[in-house]
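Participant: Sharing a structure, written as structure tokens. Questions coming.
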Amino acid sequence: MRSASFQYCEFSLARKADVCLWLLVALLCLVECAYAQNLDFQDPPQIATSEEMLLVEQVNQLVNAEAADEAFAILEQLFDRSGNGLIINGSEQRAGTQRIRNWIPLEYWAGNKTAELLRDRPEQRREYEETLGKQAVKIRDEANLRRDLVNARQIANRYYATSAGPSLGFQLADLYLEHGWSLAAAQALFRAAPRLGLDIRNPLATANNVGWVLPWPVVWMQGQGGAAASSLLDVWSEQLLASDAAELERWQQAAGRLLYATSINSAHLDHVAVGRWLDAVAAALQGKFPTKLAELQRAAATWETLPATEARNSWQAMSASSVEQLVAPEFSPLWNVPLMRLSGNSKSSVEGVPIAERADNRLTHYPVTYDGKVFVNQLASILAFDLTTGKNWPVATLEKPLFDSRTTLTRLIPEDQPLAGTPRGMVSIDQACLYARMGSPITGWAQRQAAADGGSQSYLVGLDLNKQGSMLRGFPLRLLPPEFVGCEFEGPPLIWGDLLLVAVLARDEVGLRRSVVAFDRFSGQVRWRTPTIASGVIEDFPYANWISNQLLTMAGGRLFYNTNLGAIVCLDPANGQTIWLTQYARPDRARQTYPRANRYLDRTPSPCLVSQGIVYCGPNDCPEIFALDAITGNLVWSTDDDQVADVKFLLGVSGTNLIVSGDRLLWIDRLTGNIEFGFPSSTTPGSLNALPSPRGLGRGCLADGCVYFPTASKVFIFAAEWQTSAERLPHRFGPRLIDTWTPQIQRHDGGNLRVEEGILLYSGDRHIDVFQFDR
């Protein structure tokens, strides 16, 4: 018989176990409540039609009922019917306090499903090859002669499940590589050879945060080559070696092309990560694989490529470069000129102080330099100055704008109507052609004030800088009915080859619909237009005229768009078709149980930043910053909602860190999302905490291996990259502070910074000051 004391001990332990269990349940409930405070996901506007979704459901039911022949017949119907419709891809993904849903074109899903069904059904595969395999080979040869990118992608998708599918994918990738489109090529390669990615749902994958498909190089670098990553690689390599000879050869061809794709532009794909991963693969296979890494590298070196066509978006964040000497500019400006104040008495969605700006002193000017000149967009006019003297251009003796709409800003903004948002003056320049959004800054009219022809109040200008700013043929461009009803341009165009790509907004009462339009940059003709990509409603000030600023990002032959309406989209710039769409969770502000400043609503402009195969996102409708895989749109990492709500700008990537700024300057590990360092370092993040001191005011920049961080009266200059452990001992609190620079200007209200050609542009609300570096 057990003693009473032993029985009491058992009871105590059991009671403690119950308490622990209840505490665990309570904690899980709190976590779920945090997620529950987000808005429910709404299906995107481009979702497949109800008839198509019914066919999808029938396919799944037939597969479960082992009626594969009937399932194949319906899949063929889906191939014939699918247009721009999207279907959800996999389950919900979570990291930090963020969760996402990934969507892909219906034709991709149909191809994947067909290949999956054929994999374990040899009899059906033979029949499938007899009906479509020979046809695919013939079409592949014809497509190789035509070398049409759009047609090649359609063929690769249509015949993906045939034995010719991989060669069609490689053919498409080769076309992209010839044009220098590295990310587009990588997408084709990962589809042709899925083993380039990792999709292992097991405990080992959990250790590496992998519960969905990610490219192997990303996973390997995230794991830093540690034990968990090595174990994961061992499992994967065993599966690869168990594959048939055809699949091994396919992986080999894809790996060689991927390595070459990274060499085109290391800013778009991580050349180091791919190389280290292939080294690890060679070690894991222990000589069992027929082709060594060195042979892959030699094969890649034999490729030739056309000059890459890249974006010309003047304020798109870039990676930092490095130089031998890091110095501050002179204290006194070379010259300065007054500018028109663009921000009026507009309302704000932010409760309290906006990020990196003062409510009464919005920093709206984003000047650009080109060919020894400075260009400033004032919405009603465009100014041009000589970079070194500050004299007007093209005629130094005439104080005359480069472009003058012969109107005033006050006439473009109705004073008798409420206004929400802040105008931003930007331009894009390429090959001596300047493009800018002009006219009324209002993008969503509460009370529509259309022009006499029913068109937009905003317009695009194209100026020939070789002809002293004369208007290009086909310009100015306006959005006219019946194709564009109630639409306005939302920002400056992005220049890509012979196209101008621009975000367009349509407002209906409180509803918003965003899309992208491509114009011929030399004639102004519409080349393509997407359907509505994202939609939403105006939650704050629904009766006010709305001002928004949307920027597009181009990288590696793919167009990325942060819609700020719950979705990040990857588009094919050749025809505007969606490659993937990723929805992210947004807070339900109407159900917040405690007061929050919601200062993240002030993130504008907030384009995606693409670097080394990762898309970094800082939308203005969620507090987190998160990272997506550029190839698939799947989640790589996310911060928590209270860590970066005061961050506004994604400045760029330097070394191992993503550098962002707002009220503070932060270094975030680019592969994991861990915050490595912040300045001021004594600041406690959180929406209800005091503002940091010194507080950032304006957009900083990365240049010459330095980070320039503007505050009210000073600019702090840091080394962009982390030092080695030995170098960091004297500076163990973070990156090296190189200098603190106090510019001699009339107003100390912060400014937007830009460094180019040995010159620093300091743009305040009412002035621009130009400083020269002392080298």
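Participant: Give me, ordered by chain and number, the residues 5 or more places off G652 or on other chains with an amide H under 5 Å from its own placed amide H.
Facilitator: Here the answer is I659, since their amide H atoms fall under 5 Å of that of G652.
Participant: Put a dot 7 Å past each Cα toward the Cβ at T397 and F522; how far apart are the dots in nm?
Facilitator: It works out to 3.7 nm between the two label points.
Participant: ³J(HN,Hα) across region 263-269 via Karplus (A = 6.51, B = -1.76, C = 1.60, θ = phi - 60°), whole Hz, x for Gly/Pro?
Facilitator: Listing the rounded values in order: 7, 5, 8, 5, 6, 9, 10 Hz.
Participant: All other residues with a Cβ under 12 Å from the Cβ of M53 taken together, and with Lys, Arg as +1 and Asp, Glu as -1, what is their net charge?
Facilitator: -3
Participant: Calculate the spin-label point distance for R126 paired with T407, positioning each point 7 Å from the Cα along the beta-carbon direction, and give it in nanometres.
Facilitator: So the label points at T407 and R126 sit 7.2 nm apart.
Participant: Region 541-561 to region 457-490: how many Å between their Cα centroids?
Facilitator: So the two Cα centres are separated by 18 Å.
Participant: Next up: Taking amide H positions as placed 1.01 Å from N in the peptide plane, with prolines and chain starts having none, which residues 5 or more places from L665, or on another chain, fall under 5 Å of its amide H?
Facilitator: When sequence neighbours closer than 5 places are left aside, the close amide H contacts are F679.
Participant: Whose amide H sits under 5 Å from the amide H of L499, counting only residues 5 or more places off or on another chain, with H placed in the peptide plane?
Facilitator: R521
Participant: Taking all pairs of distinct Cα atoms, average 1/r, flip it, and tell me the Kirkwood hydrodynamic radius of region 41-90 in Å to one decimal place.
Facilitator: Its Kirkwood hydrodynamic radius stands at 11.5 Å.
Participant: If you plug each phi of region 55-72 into the Karplus form 6.51 cos²θ - 1.76 cosθ + 1.60 with θ = phi - 60°, what whole-Hz ³J(HN,Hα) values come out, in order, with x for Gly and Pro?
Facilitator: Using θ = phi - 60°, the values come out as 5, 4, 5, 5, 4, 4, 5, 5, 5, 5, 8, 6, 9, 5, 4, 5, 5, 4 Hz.
Participant: Would you list L737, L551 from the most to the least accessible area, probe 1.4 Å?
Facilitator: So, going from the largest accessible area down, we get L737, L551.
Participant: Going down the list K391/K467; K373/K648; K400/K714; K648/K714; K373/K467, which pairs span over 24 Å between their C-alpha atoms?
Facilitator: From the list (K391/K467; K373/K648; K400/K714; K648/K714; K373/K467), the Cα-Cα distance tops 24 Å for K373/K648; K400/K714.
Participant: List, in order, the whole-Hz ³J(HN,Hα) value for each residue of region 329-334 obtained from phi through the Karplus relation with A = 6.51, B = -1.76, C = 1.60 and θ = phi - 60°; use x for Gly and Pro.
Facilitator: With coefficients 6.51, -1.76 and 1.60, one gets x, 5, 6, 8, x, 4 Hz.
Participant: Let me ask another. Determine how large the accessible area of T407 is when every protein chain is in place; take a 1.4 Å probe and give Å² rounded to the nearest 10.
Facilitator: For T407, solvent-accessible area is about 40 Å².
Participant: If I ignore ligands, DNA and RNA and count only protein heavy atoms, how much of K373 is accessible to a 1.4 Å probe, in Å² to the nearest 10?
Facilitator: In the full protein context, K373 sits at about 30 Å².
Participant: Also, quick follow-up: In nanometres, what is the gap between the two model label sites at D386 and S266, each 7 Å from Cα along Cα-to-Cβ?
Facilitator: 3.9
Participant: Sticking with this one: Separation of region 614-658 and region 110-185 by C-alpha centroid, Å?
Facilitator: If we compute the Cα centre of each part, the gap is 34 Å.
The values are calculated or read from the model by the stated rules, or taken from the named source; none is laboratory data. Model, not experiment: these values are computed from the prediction. Glycine also receives a Cβ, built like all others from the backbone with ideal geometry; neighbour counts cover every protein chain displayed. We work out accessible area using only protein heavy atoms, side chains counted, and drop any ligands, DNA or RNA first. Shrake-Rupley method; radii C 1.70, N 1.55, O 1.52, S 1.80 Å.
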